[in-house]
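> Could you have a look at this structure, given as structure tokens, before my questions?
The values are calculated or read from the model by the stated rules, or taken from the named source; none is laboratory data. What you see is a predicted model; the values in this text were computed from it and never measured. Every residue, glycine as well, gets a Cβ built from its backbone with ideal geometry; the counts of neighbours run over all protein chains shown.
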Amino acid sequence: MKLQKPFHANSQNRTQLSPINCICGDPYSWFDTEFFRNEDLYVATFDFFINWSNNSFQPIAWIKRLLYNEFSLDPQTIFKAIIKCDGIDYYHQMRLFCEKNNIELSYIIIPDIEESNWINLENKVILFNVMKYDKNHDDTAAVECLNVKELIERIHLYKVDCTTAYMGEKGLFYSTSSLESFLSKKQTAINYDKDAIYPGDVDVVIFNKDYKPLIIIEIKKHTKAYEAAPTINEDSIGLWCKKDRNKYESLDILQKHWNCEFYMLIYPTTTERVFKLEKVDNLTVTKSKILPLPCVHSQIELKLFHDQFNDFVNSKPVIANKTASGTKLYHTDLRCKYIPRDSKRITYFESISQAEDSGYNLCSTCRNS
């Protein structure tokens, strides 16, 4: 039984990978370094569910893995395949993270088959319940086998009253598995007329040695094809919310559930050599900074990223804007009602003196608050 971590590829041709940046690599790896671990900070990534009937986080997490050869329902065979793929340290780290945060953790093992083959209900996924297995290694109840219709029912059971986000007949252009692409389309062949029901994912969760979640990070690629934002500087969470509101609302709910911080990291697949960090609160940017793109192969640059990320997280920025009459104002209350919702109308300064040196004056509402 051979497993592999999922990867983004063309939904119709899995040999065609999505655009990448060979210099910076996957930004997830920027956080999974000795520089963060030396501060007892660790990272996790998984799929999660929102109960949309009351906008709450469902305490259930799935880790996707792709299956490339023989299909087995033997718990110990599955466990050995997971350890060979992920390593025993990561397995225990994720188990403890979920255990400490009262989350039921399962691996979802997805055969690497053609998308059209999911119509055949003989093709199935495996759900491997980590907590059940750890209690009893011979417990066959730790393993479930579901065809695509049963999987759809399970997802809807967890999501509760979810509003389907229709993606049209073409579905996902890029996906991390053929199954997700299949589910992103209406499937009348299996008497299912909805789409896009696969759970959302959290790209990066930074947690401490006590397994407390501190920071959620959503990672987005900036490509030439994204006409709404020609440059990294113009790209922002507000634009992405317009394209996929449910995804970002689910991350906002997760942030509030954990009472942690939420950041957006936008990096290029173009020739730009910078990336953008945004701190997000209630799906509104409260501070933003453009930083040099690190080389994933350079420990010096990864250390610099670590330091710059910490500086950004700990900084207290000043938000400024011009009014319709041209008056320059800066705000010390980040929830001031006069801060524009449109991030393109906002200027960020790293200090009050920097804002005043640029001709901005303190907003009277902030002064009196």
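> Can you say whether F71 is assigned by TED's automatic domain parsing to the domain that holds Q12, surrounded by 19 or more Cβ atoms within 10 Å (Cβ to Cβ) and touching a residue at least 12 places away in the same chain (Cβ under 8 Å), as far as the supplied structure shows? Steps first, answer last, please.
Details: assigned by TED's automatic domain parsing to the domain that holds Q12: yes; surrounded by 19 or more Cβ atoms within 10 Å (Cβ to Cβ): no; touching a residue at least 12 places away in the same chain (Cβ under 8 Å): yes.
Criteria not met by F71.
Here's the yes/no breakdown for (1) farther than 29 Å from Y248 by Cβ; (2) at pLDDT 95 or above; (3) among the β-branched types (V, I, T); (4) in the same structural domain as Q12 (by TED's automatic domain parsing):
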{"residue": "N55", "(1), (2), (3), (4)": "no, no, no, yes"}
{"residue": "K80", "(1), (2), (3), (4)": "yes, yes, no, yes"}
{"residue": "K84", "(1), (2), (3), (4)": "yes, yes, no, yes"}
{"residue": "Y107", "(1), (2), (3), (4)": "no, yes, no, yes"}
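> Going residue by residue through region 60-68, is there one that turns out to be modelled with pLDDT under 95, over 18 Å from the mean Cα position of the chain (by Cα) and outside any helix (DSSP H, G or I)?
Looking only at region 60-68, we keep the residues that are modelled with pLDDT under 95, and these are 68.
When the remaining residues are screened for being over 18 Å from the mean Cα position of the chain (by Cα), the result is 68.
Next cut, outside any helix (DSSP H, G or I) only: 68.
Yes: region 60-68 contains one or more residues that are modelled with pLDDT under 95, over 18 Å from the mean Cα position of the chain (by Cα) and outside any helix (DSSP H, G or I).
> What is the residue count in region 170-205 for residues that are surrounded by 22 or more Cβ atoms within 10 Å (Cβ to Cβ), in contact with a strand residue (DSSP E or B) (Cβ under 6 Å, 6 or more places away or on another chain) and not in a loop (DSSP other than H, G, I, E, B)?
3
> Next question. Please enumerate the residues belonging to region 103-126 that are hydrophobic (A, V, I, L, M, F, W, C) and over 28 Å from the mean Cα position of the chain (by Cα).
Listed by number, the residues that qualify are I119, L121.
> Taking I63 as meeting all but one of (1) within 19 Å of Y267 (Cα to Cα); (2) touching a strand residue (DSSP E or B) at 6+ places or on another chain (Cβ under 6 Å); (3) of a type outside the set (G, A, S), write down the number of the exception.
It fails just one condition, (1).
> Is it the case that E114 is at pLDDT below 95, in the same structural domain as K170 (by TED's automatic domain parsing) and over 20 Å from F57 (Cβ atoms)?
Details: at pLDDT below 95: yes; in the same structural domain as K170 (by TED's automatic domain parsing): yes; over 20 Å from F57 (Cβ atoms): yes.
Yes: the conditions hold for E114.
> Here's a check for you: in region 127-142, which residue that is part of a helix (DSSP H, G or I) and under 26 Å from the mean Cα position of the chain (by Cα) is surrounded by the most Cβ atoms within 10 Å (Cβ to Cβ)? Steps first, please.
To start, the set of residues in region 127-142 that are part of a helix (DSSP H, G or I) comprises 130-135, 140-142.
Remaining after also requiring under 26 Å from the mean Cα position of the chain (by Cα): 130-131.
Numbers: V130: 22, M131: 14.
The extreme case among them is V130.
> If I go through region 326-369 residue by residue, how many of them are in contact with a strand residue (DSSP E or B) (Cβ under 6 Å, 6 or more places away or on another chain) and in a helix (DSSP H, G or I)?
Final tally of qualifying residues: 5.
> I've got another one for you. Hey, does region 261-269 have a residue that's under 17 Å from the mean Cα position of the chain (by Cα), touching a residue at least 60 places away in the same chain (Cβ under 8 Å) and under 30 Å from V148 (Cβ atoms)?
Our first condition is that a residue be under 17 Å from the mean Cα position of the chain (by Cα); within region 261-269, this holds for 261-268.
Retained after the next criterion (residues that are touching a residue at least 60 places away in the same chain (Cβ under 8 Å)): 265, 267-268.
Okay, now just the ones that are also under 30 Å from V148 (Cβ atoms), so none.
No.
> Which ones in region 9-40 are in a strand (DSSP E or B) and out of contact with any helix residue (DSSP H, G or I) (no Cβ under 8 Å at 6 or more places or on another chain)?
Applying the first criterion (in a strand (DSSP E or B)) to region 9-40 yields 9-10, 13-17.
Matches in region 9-40: A9, N10, N13, T15, Q16, L17.
> Scan (1) part of a loop (DSSP other than H, G, I, E, B); (2) in contact (Cβ under 8 Å) with a residue 60 or more places away in the chain; (3) more than 30 Å from E99 (Cα to Cα) for the single condition Y211 breaks and write down its number.
Answer for Y211: the failing condition is (3).
> Taking region 221-239, which residues are touching a residue at least 24 places away in the same chain (Cβ under 8 Å) and more than 15 Å from K289 (Cα to Cα)? Give the steps one after another, and end with the answer.
Residues of region 221-239 touching a residue at least 24 places away in the same chain (Cβ under 8 Å): 221-224, 231-238.
Across region 221-239, the qualifying residues are K221, H222, T223, K224, G238.
> Let me ask you something else. It is to be established whether one or more residues within region 239-255 are buried (at least 19 other Cβ atoms within 10 Å of the Cβ) and either assigned to a loop (DSSP other than H, G, I, E, B) or among the aromatic types (F, W, Y) (or both).
Looking for residues that are buried (at least 19 other Cβ atoms within 10 Å of the Cβ) and either assigned to a loop (DSSP other than H, G, I, E, B) or among the aromatic types (F, W, Y) (or both), one finds at least one in region 239-255, hence yes.
> Let me ask something additional. Got a number for residues in region 319-335 being loosely packed, with under 15 Cβ neighbours inside 10 Å and among the hydrophobic types (A, V, I, L, M, F, W, C)?
Here the count works out to 1.
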